[in-house]
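K.L.:
Encoded as structure tokens, here's the structure I'll be asking about.
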Amino acid sequence: MKRAVTLSWCESRKRVRAYAGSKNLKALSLAVLLVTASSSQPKASAESSANTEYDVKAAFLFHFAQFVEWPPDAFKDEHTPLTYCTIGEDAFHGSLDESVRGKRIGNRELRVRHLKEREQIDGCYVLFLSAAQRGRQGEPLASANGHPVLTVGETEHFVQEGGIIGFCLEEKKVRFEINLEAAGRAQLKISAKLLALAKTVLGNRRED
Amino acid sequence: MKQFRGRFGCCVLLALLAQQAAQGQSAQNPLTQHLDLTQESLEDLMNVEVTSVSKKEQKLSRTASAVFVITPEDIRQSGATNIPDLLRMVPGMDVAQINGNTWAISARGLNGQFANELLVMIDGRNVYSPTSGGVFWDTLDVTLENIERIEIIRGPGATVWGGNAVNGVVNIIRKKAGDTQGMLVVAGAGNMEPGFGTVEYGARAGGHTDYRIYSKYFSIDEMNDRQAEGGGDGWHLLRVGFRSDTTVSEKDSLILQGSIYAGREGGPVPILPSIASPGPVNQQLFANLSGGSLQSIWNHTYTERSDSTLSASYDGYERSDRLGDKRKTFNLDFEHHFQQGRRQDFVWGLGYRWTAENSQGSLDVSLIPPNQSTSVVSGFLQDEIAAIPDRLYVTVGTKVERNTYSGFAALPSVRAVYEFSNRRMAWAAISRAVRTPSEADVSLRLNVAGFTEPDGTHVLISVLGNPHVEDERVTAYEAGYRTEMGQRLSIDLAAYYNRYDHQNSSEPGTPFFELTPLPPHLVLPTIGQNRIDGETHGLEITAKWKVARRWTLNASYDFERIHMHREPPSQDTETAPDTNGSDPHVHARIRSHVDLSHRVGWDAAAYFTDRLLAQGVPSYTRVDTGLSWRWTERLTLSVVGQDLLRAQHLEFLDSSGATNSTLIRRSCYGKVIWHF
């Protein structure tokens, strides 16, 4: 019988062995970075370090969609855009909208919708619940439960409450945890690469 | 390994910044520009160091106080229809319902109808009445569906919040207008409430303003008094209000909110028919209640490490009760928060309050002079120091207040938090708080009973205020511990020891002759002095347990002991024993929420309150339960039963004698919530 991995919060002292980290990979990444940096199209001056946290999270959200597989019947057809949804005030202050504008994943257009509180989450494929949603995530999570919606949050107990991916900050760097059981209920397949980079995974793990 | 990653992370950021710089500056406002990091790989993203860690709002678990937060889910699951019932779930709070429209609520003891040790605010605006220092819980009528959260701090919050925050602070924070858009209709009725409802509409106006307008009404039947007759405490209230949130610029936001209300409530009130009456006579009285408030809050962000808030508010109310209390209050508050260096976080502020009373008075109760105005000027400064970053934080602060009656008061505090890990922390604090005199303490005239001496002299027994009454003071020693055990259980402990001095006592004063009201009579006064000292101590334990994916339990237990005594030469033999025995020694609470299915939730709660020794009120257990059904995404139905264990029971007999108690009844109601 497979046992569930004990979930731990982001403790600065703990190291999960699944975390990728070989020196070769670092060097390669640095080289790749320099190449991509020179070919990227930056938006503007970088004085706005105030938004860095959410710029990084916006980029993570973009990547999450690349490494998650939705069930085939989740989209009406191949032209249905992959929609990201946020609830309430936009914690990204536009960063998410700008990050996904004009981009495609698997040839699908990307769209961002900012929902009001209590608005329906139909048509959302990625649902982001910001820290401001603390204490009222029960309803959106219950609505998304069992539907092919990738729920992403940033409160401390997000994955235990049934969210699929939870952000946390460790020594000022963005990390994330994955609830594989919740992903399974949503019929979402999470690539092994994403699982390997996760700080911790709650649910059944093949290696254990 | 760690060092390498740190440097690597810096490399990533530097490379990006260099790239940005090479591309040239943009003319647009830096605050609205973002980095597009989607080209970076996941591994690289994980090494980017982010400089802004949320947020100005302190992480809850790092607060060096006994804090409890009521969330919107707690509100829905409790089935409560008013703020007092919501506060019952909070450890350390004493909530007692006197009659249908009157409550005695305090934190950590010293409870009474006019309990004045608790500071209650809505969005930072004080809502206690300067007349008595107490809170009119009947007109504290907030749309529960609009509450973002309620933060309750037990223990002195005097440094930041000022006088009156002696035993606790309750701050009701409401949702932003942007979070309550669309139409909301709430309607319901029950055996005790012939009807209640709220209609609210929220929308966006122009590009930058969100607003909502609402109207709510409720009507509650009377309950029985202890002689099993109609208590006459039924009441109803209608309120209309609005809120608007405007983004004035990237750095400025403005909140405007206000409401007006009108209602009528009945009360079984003891009144003195004439100065020759041997005692009060119970009468059925009705009071018209009306009032309104307007508040503006302007928030300005200087940088991401510094912001300030300027808020102004007006509050007016009128109650046609025996006092004929009519008051208006203006508040102006400024607060500036900024981070200094890497280790310090400062908050400082200035405040001004002006309040004016216009009372009618009656034979039983009046204010002398009936019309007066007072003001309070205050300033505070607080510094949170990261003595050892991510481990030990020390907060030092003080507030200085000057009020019309008692002059200057300084309210310092020192608090420390030690984080063992992200999941365990301990805190301790020493602070001084002061309850400044209210208008009643200084100007009250209560005529209690009259009699005629054998020689024909008329004598009247009265209670008088004292213009020289002093501040009541407390030094509080507190400590607490919070831990998360496993992934489903969290426990919070808080202990306190409060030393009180200069507490109000009633001392016999010098008799004097009075010509009016006729016939001329001799007055035997008791005058308010400050000759009671004592201590209270207690412990509060709270636990939250996620038993299963669909089942959560919240439990708490607290005990408190109050030992007040009079200081010679005091001759007040009643106040201290009454205070000692007006709070239950023990509270125990348990709340359960079960998701029976996707759409149906079942909540149940039991609250045990120990007996009140000084009042002869027996202990009781309140059992509430509710079923809620999300029929569609937009429509929710719920049925709630409250106080199910006993048909009716007594909760509190207030010693001030201002109003009579009725028996709190078993009740149930059904409610529909519809939003579209």
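K.L.:
Going out from 0 in 5 Å bins, what whole percent of all Cα-Cα distances in region B:521-629 drops into each bin?
P.N.:
2, 10, 14, 13, 13, 10, 9, 8, 6, 5, 4, 3, 1, 1, 0
K.L.:
Report, to two decimal places, the Cα Rg of chain B normalised by 2.2 N^0.38 Å (N = number of residues).
P.N.:
1.03
K.L.:
If you count, for every residue in B:551-560, the Cβ atoms of partner chains within 10 Å of its Cβ, what is the mean?
P.N.:
Across B:551-560, the average partner-chain Cβ count within 10 Å equals 0.
K.L.:
Can I ask one more? Compute the normalised compactness of region B:561-608: alpha-carbon radius of gyration over 2.2 N^0.38 Å, N being the residue count. Present the calculation step by step, with values, prior to reporting the outcome.
P.N.:
Details: Rg = 21.2 Å, N = 48, 2.2 N^0.38 = 9.6 Å.
For region B:561-608, the normalised Cα radius of gyration comes out at 2.21.
K.L.:
How big is the charge dipole of region B:161-288 about its Cα centre, in debye rounded to the nearest 20, if each Lys and Arg gets +1 on its Cβ and each Asp and Glu gets -1 on its Cβ?
P.N.:
The dipole magnitude comes to about 420 debye.
K.L.:
Moving on. Could you tell me the distance between the Cα centroids of region B:466-520 and region B:354-373, to the nearest Å?
P.N.:
Going from one Cα centre to the other spans 24 Å.
K.L.:
Rounded to the nearest 20 debye, what is the charge dipole size of region B:70-203 about its Cα centre when +1 sits on each Lys and Arg Cβ and -1 on each Asp and Glu Cβ?
P.N.:
Roughly 260 debye for region B:70-203.
K.L.:
So what's the protein assembly as shown giving for Rg/Rh, alpha carbon basis, Kirkwood Rh from the mean inverse pair distance?
P.N.:
Over the Cα atoms of the protein assembly as shown, Rg/Rh equals 1.00.
K.L.:
Moving to a separate point now. Separation between the B:A387 and B:T632 pseudo-spin-labels, each 7 Å from Cα along Cα→Cβ, expressed in nm?
P.N.:
5.9
K.L.:
Say R0 is 25 Å: what FRET efficiency, to the nearest 0.05, do A:L115 and B:K544 get from their beta-carbon distance?
P.N.:
0.30
K.L.:
State the Cα centre-to-centre distance between region A:136-154 and region B:387-417 in whole Å.
P.N.:
Rounded to whole Å, the Cα centres lie 42 Å apart.
K.L.:
Per-residue mean of other chain beta-carbon atoms within 10 angstrom of the beta-carbon, peptide A:56-65?
P.N.:
5
K.L.:
Separate question: Give the residue from B:T510, B:Q39, B:T139 lying farthest towards the positive end of the charge dipole for the protein assembly as shown; charges sit on Cβ (+1 for Lys and Arg, -1 for Asp and Glu) and the dipole is referred to the Cα centre.
P.N.:
Result: B:Q39, furthest along the dipole toward the positive end.
K.L.:
Find how many whole Å separate the alpha carbon centroid of region B:248-264 from the alpha carbon centroid of region B:59-118.
P.N.:
First find each Cα centre; the distance between them is then 25 Å.
K.L.:
What trypsin sites (Lys or Arg not before Pro) does region B:296-386 have in DSSP loop regions with at most 16 other beta carbons within 10 Å? The partial results should precede the final answer.
P.N.:
Values: sites: B:R305, B:R319, B:R322, B:K326, B:R327, B:K328, B:R342, B:R343, B:R353; in loops: B:R305, B:R322, B:R342, B:R343.
Those that pass, being in a loop and sparsely packed, are B:R305, B:R342, B:R343.
K.L.:
Report, to the nearest 10°, how far helix B:2-23 tilts away from the longest principal axis of the Cα atoms in chain B, using its own Cα long axis and a range of 0 to 90°.
P.N.:
Result, in degrees: 80.
K.L.:
Taking 30 Å as R0, compute the FRET efficiency from the Cβ-Cβ separation of B:S215 and B:T247 and round it to 0.05.
P.N.:
So, using R0 = 30 Å, E works out to roughly 0.70.
K.L.:
Taking region B:184-282, which GluC sites (Glu not before Pro) meet the DSSP loop condition and have no more than 16 other C-beta atoms within 10 Å?
P.N.:
Sites meeting the loop and neighbour criteria: B:E229, B:E250.
K.L.:
Rounded to the nearest 20 debye, what is the charge dipole size of the protein assembly as shown about its Cα centre when +1 sits on each Lys and Arg Cβ and -1 on each Asp and Glu Cβ?
P.N.:
3700
K.L.:
Give me, ordered by chain and number, the residues 5 or more places off B:Q487 or on other chains with an amide H under 5 Å from its own placed amide H.
P.N.:
none
K.L.:
Another question, then. Could you derive backbone 3J(HN,Hα) for region A:109-120 from the dihedral phi with the Karplus parameters 6.51, -1.76 and 1.60 (θ = phi - 60°), listing whole Hz in sequence and x where the residue is Gly or Pro?
P.N.:
5, 10, 9, 10, 10, 9, 7, 7, 4, 6, 7, 5
K.L.:
Can you list residues whose amide H is under 5 Å from B:V365's amide H, if they're 5+ apart or on another chain and H is modeled 1.01 Å from N?
P.N.:
Close amide H contacts, sequence-distant or interchain: B:N447.
K.L.:
Nearest 500 deg cm²/dmol is fine: what mean residue ellipticity at 222 nm does chain B get from its DSSP H runs of n ≥ 4 alone, each adding -39,500 (n - 2.57), divided by its residue count? Mind dumping the intermediate values first?
P.N.:
Details: 7 runs with 53 residues, N = 676.
-2000 deg cm²/dmol, from helical runs alone.
K.L.:
Let me ask another. In whole Hz, with x marking every Gly and Pro, tabulate ³J(HN,Hα) for region B:96-111 from phi via Karplus 6.51 cos²θ - 1.76 cosθ + 1.60, θ = phi - 60°.
P.N.:
Result, rounded to whole Hz: 10, 8, 7, 8, x, 10, 9, 10, 10, 10, 8, 10, 6, x, 6, 8.
K.L.:
Take the Cα atoms of region B:589-668, find their three principal axes, and give me the spread along each one in whole Å, biggest first.
P.N.:
Each principal axis gives a Cα extent; for region B:589-668 these are 50, 23, 19 Å.
K.L.:
Computed FRET efficiency, Cβ-Cβ of A:A74 and B:W674, R0 22 Å: what is it to the nearest 0.05? List each step's numbers first, then the result.
P.N.:
On the way: r = 30 Å, r/R0 = 1.35.
So the FRET efficiency works out to roughly 0.15.
K.L.:
Using the alpha carbons of region B:442-540, what is the convex hull volume per residue in cubic angstrom, as a whole number?
P.N.:
Numbers: hull volume 15.1 nm³, N = 99.
Hull volume over Cα atoms, normalised by residue count, gives 153 Å³.
We did not get these values from a lab; they are worked out from the coordinates using the rules stated. Treat the numbers as computed from the prediction; the structure is a model and nothing was measured. Every residue, glycine among them, receives a Cβ derived from its backbone with ideal geometry; neighbour counts consider all protein chains shown.
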